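Colleague: The structure's right below; bear with me while I get my questions together.
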Amino acid sequence: MSTRYWRFCILHLCLFHACSLHLESTIPKSLDESWSSASSTSLYLSREPLAAVTDRSITSSTTPSGISQSLSLYSLQWTPDDRISIPVRSTWRWKDAVLGDGRDFFVPKPKTIQKLQSIFMDNIPGLEECSVLSNCARFAVLCKWNDTDVPTVAERDLRCEALSFCLLHQVDYNDKTAKKHLATLTQSLDLPKLLSTELPSTVEVDSAVQELSRHWDCIHDISAIMLHLCKVSAGTSERPRRPDRQVIFRPYSSRDAHILLQLKRTKAAVSSRSGVLNDLLELAIRAGKAARNEMIVPALKELKPYGSSKDPPLDLSIEVQEKVIEDAIEPLIQECLEKWKASTNKDSITTLRQAAESLSTSDEELAIIRKLLHQPTIELRRSPETVDVQQILDDIDYKLQSLRKSKASLI
Ligand SMILES: *[C@@H]1O[C@H](CO)[C@@H](O)[C@H](O)[C@H]1NC(C)=O
């Protein structure tokens, strides 16, 4: 299996949509049934529906340089075959018990989610912002790191292990403290005290942590993270409860649109209101709305006759989903990337100006420096990737030195 294929499978595994399916009378009521059926089949490995759509979009949108955001999206998978992983299953079970399982309707638990986020931020080195996306069929953690350089593979592994370690600690804690007879009650309440803040000060990587670490689908590319979130929001992703069926895109179903509300709640609980994760979730919500808007995606009308319950022909469904990506999602992703790029450029201009101006020893020199900064500032605004900031500073410094020397020789 190539990593790419794995990524594709996982991208579609844990989706919000099972929640809405949950409301359907034709679907088994108990979530346990679905967990067990998910882990006892190998259907997730059996086909590649819509691979063309996903792959085209992921590979065609590469991250433009000049954006310094360092992000990761970790989505927990099911055990994909018969070798049932105990740490993975217990983490899913813990998720159901503490964050909710979507029985009836997914109950958002903002306090518990926020506390979990701060536990991650306190215990995972380098983590600056965090958003936990959790509902009946999904458990994902969106992270913003403090990196200045691209992290190494080893650094990325450590982060994933730290995340797994924090979670398994919660699983243990819950196993020890949970009152079994109250499980049904606590499952539907927002109870942050079900989480433990007393974590060991160092991450201990035992075999369970290693095992869980291998079961995250990790995306680090900004555009791929954006696309993934947008597709989840748009409802064009695979439904985990129906792994044997192609995705049913139902832009006219209010039940499927419930995802937008869940994302709004997720956004309201994000660790930083003004941060980049907030922007990402906002993007996903906008994309979800655009994907259901006939003015933006005229092709949607072709699905209208099928309403929210009848399945359109597969070819048509695929065709319309491609249009959704083209007309609704990709333009919004581009817009968001441009916005970030502009603000990153603004930051680098400020940094350059401050560094250069600090070289001056007099007002006269300051005026010269500002003149010298004029051209580089324009270039930085236009194409930051071609500008060598250190070289500019060195040049300014050199010019100042020679100026000072020639002045001294005049005296
Ligand atoms: C990021 O965080 C780690 C862990 O707290 C710290 O060691 C590192 O110096 C930080 N890096 C930057 C660039 O701030």
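The values are calculated or read from the model by the stated rules, or taken from the named source; none is laboratory data. Computed from a predicted structure; not experimentally measured. Quick reminder, even Gly has a Cβ in these numbers, built from the backbone with ideal geometry, and neighbours come from all protein chains shown.
Colleague: Kindly indicate whether any position in the range 168-190 is under 23 Å from the mean Cα position of the chain (by Cα), within 16 Å of the ligand (Cβ to nearest atom) and in the same structural domain as SER72 (by TED's automatic domain parsing).
Modeller: No, that holds for no residue.
Colleague: So if I check each of LYS407, LYS399, which one is in contact (Cβ under 8 Å) with a residue 12 or more places away in the chain and over 27 Å from VAL276 (Cβ atoms)?
Modeller: LYS399
Colleague: Quickly run through the range 380-394 and pick out the residues that are in a helix (DSSP H, G or I) and surrounded by 14 or more Cβ atoms within 10 Å (Cβ to Cβ).
Modeller: LEU380, ARG381, PRO384, VAL389, ILE392, LEU393
Colleague: Then there's this: Suppose the filter is away from the ligand (no atom under 16 Å from the Cβ), within 19 Å of SER271 (Cα to Cα) and touching a residue at least 24 places away in the same chain (Cβ under 8 Å); does ILE225 pass it?
Modeller: The answer is yes for ILE225.
Colleague: Continuing with the same structure: Restricting to the range 242-262, what's the tally of residues that are closer than 22 Å to PRO108 by Cα and either out of contact with any Leu (no Cβ under 7 Å at 6 or more places or on another chain) or at pLDDT 90 or above (or both)?
Modeller: Residues flagged as closer than 22 Å to PRO108 by Cα and either out of contact with any Leu (no Cβ under 7 Å at 6 or more places or on another chain) or at pLDDT 90 or above (or both) within the range 242-262 amount to 9.
Colleague: Would you check if LEU372 is out of contact with any His (no Cβ under 6 Å at 6 or more places or on another chain), among the aliphatic types (A, V, I, L, M), farther than 26 Å from ALA342 by Cβ and surrounded by 14 or more Cβ atoms within 10 Å (Cβ to Cβ)?
Modeller: Considered against the rule, which asks whether it is out of contact with any His (no Cβ under 6 Å at 6 or more places or on another chain), among the aliphatic types (A, V, I, L, M), farther than 26 Å from ALA342 by Cβ and surrounded by 14 or more Cβ atoms within 10 Å (Cβ to Cβ), LEU372 comes out as no.
Colleague: Looking at this structure, is GLU161 farther than 21 Å from SER90 by Cα and either assigned to a strand (DSSP E or B) or in the same structural domain as TRP216 (by TED's automatic domain parsing) (or both)?
Modeller: Judged against the criteria, GLU161 is not a match.
Colleague: If you scan the range 190-211, which residues turn out to be surrounded by 13 or more Cβ atoms within 10 Å (Cβ to Cβ) and either part of a helix (DSSP H, G or I) or aliphatic (A, V, I, L, M) (or both)?
Modeller: Listed by number, the residues that qualify are LEU191, PRO192, LEU194, LEU195, LEU199, VAL203, VAL205, ALA208, VAL209, GLN210, GLU211.
Colleague: Another question, if that's okay. Out of all the residues in the range 121-158, which are surrounded by fewer than 20 Cβ atoms within 10 Å (Cβ to Cβ), more than 13 Å from the ligand (Cβ to nearest atom) and either small (Gly, Ala, Ser) or under 18 Å from ALA269 (Cβ atoms) (or both)?
Modeller: Across the range 121-158, the qualifying residue is only ALA154.
Colleague: Mind checking which residues of the range 293-331 are within 17 Å of CYS230 (Cα to Cα) and at pLDDT below 90?
Modeller: Within the range 293-331, just ILE318 meets the criteria.
Colleague: Closer than 21 Å to ILE225 by Cα, of a type in the set (A, V, I, L, M) and touching a Gly at 6+ places or on another chain (Cβ under 8 Å), is that true of ALA137?
Modeller: Yes.
Colleague: Spot the failing condition for HIS169; the list is (1) part of a helix (DSSP H, G or I); (2) exposed (fewer than 13 other Cβ atoms within 10 Å of the Cβ), and only one is missed.
Modeller: (2)
Colleague: Hey, any hits in the range 104-117 for a residue that's within 16 Å of the ligand (Cβ to nearest atom), among the acidic types (Asp, Glu) and more than 16 Å from the chain's Cα centre (by Cα)?
Modeller: no
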